[in-house]
Amino acid sequence: MSKDELTRLLEDLRQNPRLLDESRRLLQRPDSALQWAHERGYRITREDVAVLLDSDRELSDDDLDQAAGGDTAWPPV
């Protein structure tokens, strides 16, 4: 995996809403997402696609509670 290449793609996705929309439609099909990225000059791997998919998922209510500190017991059990 090329961290620099993945970082470049993530930055471009943040700056270009059209590119972001295109990528979101493809992330559920890793082979298509990989081909799409390569066609646009990004040399990413299947592992990079998995990172993109994980970074784009919506947080569940439990995730949000834990991030906000609402699901912690004190004192710890």
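Tabulated results
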item	result
Qualifying residue in segment 26-41 (condition: on the phi < 0 side of the Ramachandran plot, touching a Lys or Arg at 6+ places or on another chain (Cβ under 7 Å) and assigned to a helix (DSSP H, G or I))	yes
Number of the condition not met by LEU9 [criteria: (1) in a helix (DSSP H, G or I); (2) under 12 Å from the mean Cα position of the chain (by Cα); (3) loosely packed, with under 12 Cβ neighbours inside 10 Å]	(3)
Segment 14-33 - residue that is aliphatic (A, V, I, L, M) and within 15 Å of ASP54 (Cα to Cα) and, of those, nearest to the chain's Cα centre (by Cα)	LEU27
Any hit, segment 59-75, residues being at pLDDT 65 or above, closer than 27 Å to ASN16 by Cβ and surrounded by fewer than 13 Cβ atoms within 10 Å (Cβ to Cβ)	no
Any hit, segment 46-55, residues being modelled with pLDDT of 90 or more and either surrounded by 14 or more Cβ atoms within 10 Å (Cβ to Cβ) or in a loop (DSSP other than H, G, I, E, B) (or both)	no
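The values are calculated or read from the model by the stated rules, or taken from the named source; none is laboratory data. Every value quoted in this text rests on a predicted model; they were computed, and no experiment measured them. Heads up, the Cβs are rebuilt from the backbone with ideal geometry, glycines too, and the neighbour counts pull from every protein chain shown.
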